[in-house]
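The values are calculated or read from the model by the stated rules, or taken from the named source; none is laboratory data. Since we're looking at a predicted model, the values are computed, not measured. With ideal geometry, Cβ positions are generated from the backbone for all residues, glycine too; neighbour counts draw on all protein chains shown.
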Amino acid sequence: MIACCCRALPVLFCLLLAPPLAAAGDAFPFGTTLMLDIAPMPGSKRIPMLEIAENGATSIDLWCASARAQAVVADGSISISPGDLQNSQCEPDRQARDAELLAALTQVTNWRRHGDVIELLGVTPLRFRPMTN
């Protein structure tokens, strides 16, 4: 009986450690450039990108403008507070799309990860993928 319990303890110990290790793959990808999962606008190769550092410093590249922001990321929650936009000279439709995307980013409240896809959930769900090159 005692020998059986002694053999079971290491297995039980490993099982107790397994959930945190499995959850590590679902962690928020701090420091990774995330590209909006969308096709470029006609006549452009630019796709909006987002990068959030562990300290919350955030860089947002929209369809034509860019912004610095502050993000707070917890287990499954997120909030993004953008600063001033650095505008570029763009067509009115791209400026309108920038305003829409920035508004959607400020309204996200939660996030989840499915493999390489990071979903920011709010009024308008946004899907991002890590930039690969």
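What is the residue count in the stretch 40-74 for residues that are surrounded by fewer than 17 Cβ atoms within 10 Å (Cβ to Cβ) and in a strand (DSSP E or B)?
The number of residues fulfilling the criteria is 7.
Search the stretch 75-87 for residues being exposed (fewer than 15 other Cβ atoms within 10 Å of the Cβ) and within 16 Å of the chain's Cα centre (by Cα), and hand back the single one that is nearest to ILE52 (Cα to Cα).
If we filter the stretch 75-87 for residues that are exposed (fewer than 15 other Cβ atoms within 10 Å of the Cβ), which is where we start, we get 75-77, 81, 83-84, 86-87.
From what is left, the residues that are within 16 Å of the chain's Cα centre (by Cα) are 75-77, 81.
On the way: ASP75: 15, GLY76: 15, SER77: 14, SER81: 12 Å.
Checked the stretch 75-87; the qualifying residue nearest to ILE52 (Cα to Cα) is SER81.
So which residues in the stretch 33-60 are more than 22 Å from THR109 (Cβ to Cβ) and not polar (S, T, N, Q), if there are any at all? I'd like the intermediate steps shown before the answer.
Looking only at the stretch 33-60, we keep the residues that are more than 22 Å from THR109 (Cβ to Cβ), and these are 33, 39-47.
Once the filter is applied, which keeps residues that are more than 22 Å from THR109 (Cβ to Cβ) and not polar (S, T, N, Q), the stretch 33-60 yields ALA39, PRO40, MET41, PRO42, GLY43, LYS45, ARG46, ILE47.
Would you mention how many residues in the stretch 54-90 are among the acidic types (Asp, Glu) and free of Cβ contacts under 8 Å to residues at least 12 places away in the same chain? Full working, then the answer.
If we filter the stretch 54-90 for residues that are among the acidic types (Asp, Glu), which is where we start, we get 54, 61, 75, 84.
Those still in the list that are free of Cβ contacts under 8 Å to residues at least 12 places away in the same chain too: 75.
Within the stretch 54-90, residues that are among the acidic types (Asp, Glu) and free of Cβ contacts under 8 Å to residues at least 12 places away in the same chain number 1.
Among the numbered criteria (1) among the hydrophobic types (A, V, I, L, M, F, W, C); (2) out of contact with any helix residue (DSSP H, G or I) (no Cβ under 7 Å at 6 or more places or on another chain); (3) more than 17 Å from LEU126 (Cα to Cα), which one does VAL73 miss?
For VAL73, the failing item is (3).
Which of (1) surrounded by 13 or more Cβ atoms within 10 Å (Cβ to Cβ); (2) in a helix (DSSP H, G or I); (3) at pLDDT below 95 is the odd one out, the single condition ALA103 does not satisfy?
For ALA103, the exception is condition (3).
Quick one: is GLY31 exposed (fewer than 13 other Cβ atoms within 10 Å of the Cβ) and on the phi > 0 side of the Ramachandran plot?
Values: exposed (fewer than 13 other Cβ atoms within 10 Å of the Cβ): yes; on the phi > 0 side of the Ramachandran plot: yes.
It is true that GLY31 is exposed (fewer than 13 other Cβ atoms within 10 Å of the Cβ) and on the phi > 0 side of the Ramachandran plot.
Please go through the stretch 88-100 and pick out each residue that is in a loop (DSSP other than H, G, I, E, B) and either surrounded by fewer than 13 Cβ atoms within 10 Å (Cβ to Cβ) or modelled with pLDDT of 95 or more (or both). Talk me through it step by step, then tell me what you get.
Taking the stretch 88-100 first, the residues in a loop (DSSP other than H, G, I, E, B) are 88-91.
Answer for the stretch 88-100, where residues must be in a loop (DSSP other than H, G, I, E, B) and either surrounded by fewer than 13 Cβ atoms within 10 Å (Cβ to Cβ) or modelled with pLDDT of 95 or more (or both): just GLN89.
What pairs come out if I take residues in the stretch 93-122 that are touching a residue at least 60 places away in the same chain (Cβ under 8 Å) and farther than 19 Å from ARG68 by Cα and pair them with residues that are among the hydroxyl-bearing types (Ser, Thr, Tyr) and not in a helix (DSSP H, G or I) whose C-beta lies under 7 Å away, six or more apart or interchain?
none
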